[in-house]
1. Go through the stretch 43-86 residue by residue and tally those that are touching a residue at least 60 places away in the same chain (Cβ under 8 Å) and under 20 Å from GLY411 (Cα atoms).
2. Of these, GLY24, GLY52, GLY35, which one is among the small types (Gly, Ala, Ser), modelled with pLDDT of 85 or more and under 27 Å from the mean Cα position of the chain (by Cα)?
3. Does at least one position in the stretch 81-96 carry a residue that is closer than 27 Å to VAL192 by Cβ, within 21 Å of the chain's Cα centre (by Cα), of a type in the set (A, V, I, L, M, F, W, C) and modelled with pLDDT under 85?
4. In the stretch 295-342, which residue that is touching a His at 6+ places or on another chain (Cβ under 6 Å) and under 30 Å from SER417 (Cβ atoms) is surrounded by the most Cβ atoms within 10 Å (Cβ to Cβ)?
5. With (1) surrounded by fewer than 22 Cβ atoms within 10 Å (Cβ to Cβ); (2) part of a helix (DSSP H, G or I) as the list, and GLY115 as the residue in question, which single condition is left unmet?
6. Since SER292 meets every condition but one in (1) more than 27 Å from ARG444 (Cβ to Cβ); (2) more than 21 Å from the chain's Cα centre (by Cα); (3) modelled with pLDDT under 90, which condition does it not meet?
7. May I ask you to verify whether ARG62 is under 20 Å from ALA402 (Cα atoms) and of a type in the set (D, E, K, R)?
8. I need every pair where a residue in the stretch 306-319 that is acidic (Asp, Glu) has its Cβ under 8 Å from the Cβ of a residue that is surrounded by 10 or more Cβ atoms within 10 Å (Cβ to Cβ) and assigned to a helix (DSSP H, G or I), sequence separation at least 6 or different chains.
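The values are calculated or read from the model by the stated rules, or taken from the named source; none is laboratory data. Keep in mind that what you see is a predicted model, and the values were worked out from it rather than measured. Ideal geometry is used to build each Cβ from the backbone, glycine not excepted, and the neighbour counts take in all protein chains shown.
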Amino acid sequence: MLEAAAGRSSRILEHPRGLWILTGTELWDRISFHGMQALLTLYMVDYLLLPGQIEQIAGFARYRAAVEALTGPLSVRALAAQTFGIYVGLVYLAPMNGGAIGDRLTGRRTGVIAGALTLTAGHFCMAFNVTFLLALLLLITGAGLLRGNLAPQVSTLYAEGDRRLADAFQVFFVGINLGAFIAPLVTGTLAVAYGWHFGFGFAGVGMLIGLVIYLSGQHLLPAETRRQSAVARGPLTRQERRRLGALSLLFVIAICFWTAQSQVWNVYNLWLRDHVNLIVGTFRVPVPWLQSLDGVAPILVMPLFLSLWKRQAARGTEPDELGKIAIGCLVFGAGTALLAIAPLAAGADGRASLFWPLAFHITSNSGWLFFAPTLEALFAGRSPAGMRGMLMGANLATVFLASLISGRLGGLYEKLSSTDFWLLHAAIVAGGGVAVLALARPLRRLLGDPAGTQAH
């Protein structure tokens, strides 16, 4: 039913060919998303929320009043940071509902197709000021349907206990990171050369390409059995309930990690603009280009860590899933601390060199590589089969809460020194790593150690 259904002899690098179809689809989803993400805060601060433009946005006065009823009056920068946080947070919350819809109603295939088409419509609505809020709503809805039903299909390619599952998610995350690398370069260049709306339009075209890839590879994916599984699933076993309890504790740790990561997507662009010397010779590096480093850095360091983990596994010294999650938080915290140090090493012009963001992206993304794919594989391997889509969506929902927190913390950018601002975020994510180490023993008991789910 699993690998056989996808073609047992159809493998690339010891993985089913269906994995590459799912990864290719995710690549274009992330080009779509990260293209939007790289531009959004700058777009709002430098254009959309300025007098003469903001008045054109349908419903924005009511939206602003609702936000400021909770936060108090916000400057343009603070409002942009909070809006970005709400948008990204809801993008990551929506897959929980999207996965549940796929589990119980539409099935995975229909969910992915509907999500891709909705995302495309949202990107094209970004071409007009008047439909800005509608565009965000469509993008959130589309992301929920697509992501809530795409990633869960990875685990269906492998038999239960297959040790390649964790590595499959490393491959799947390559698609995420390639998209994160390509999108800021292309959308940033289009925005500078032709205007903001051309950058957003490219993201929409990218999502259509992803849909074509997905539809062309349907014969390589297992047949769906959603309705039959939903009827057959009985009450959770005692072990399943214990695992759900452990996964719920890891939600809090994930919020700590994603609070710091979300700020890299948000205020970080403003920090680059304000504190880093972006001139190389006679060329000024577009701010969104630095976001592309967040995509390419994991790809550069991934072979090193995969080789390290393989050697450690042979010696029996490889960190388990919880160990990797803790290491990821601590390393990411160290990377974020580099942003705090950077202004202290500023040159005569008061700006830090490009060395500091380069060092930050290599360090923080080494931490990301330990943390994100491992946590994703943990949820895929330990969630009950009939709840897998919903629970993997719930894992993504931690980014929703973290983005709301980081959006609120983004307002401190105007009040704290740059050093204090980033030290605060470094402490949050490193604190998550310390908590995992402190709780590792009871968490291991709750999760158990079924064969094949150990990350490697």
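1. So the answer is 17.
2. Result of the check over GLY24, GLY52, GLY35: GLY24.
3. Yes.
4. Looking at residues that are touching a His at 6+ places or on another chain (Cβ under 6 Å) and under 30 Å from SER417 (Cβ atoms), I get THR336.
5. That leaves (1) as the condition not met.
6. Result: SER292 fails condition (2) only.
7. no
8. From the stretch 306-319, the pairs are GLU318/TRP309; GLU318/GLN312.
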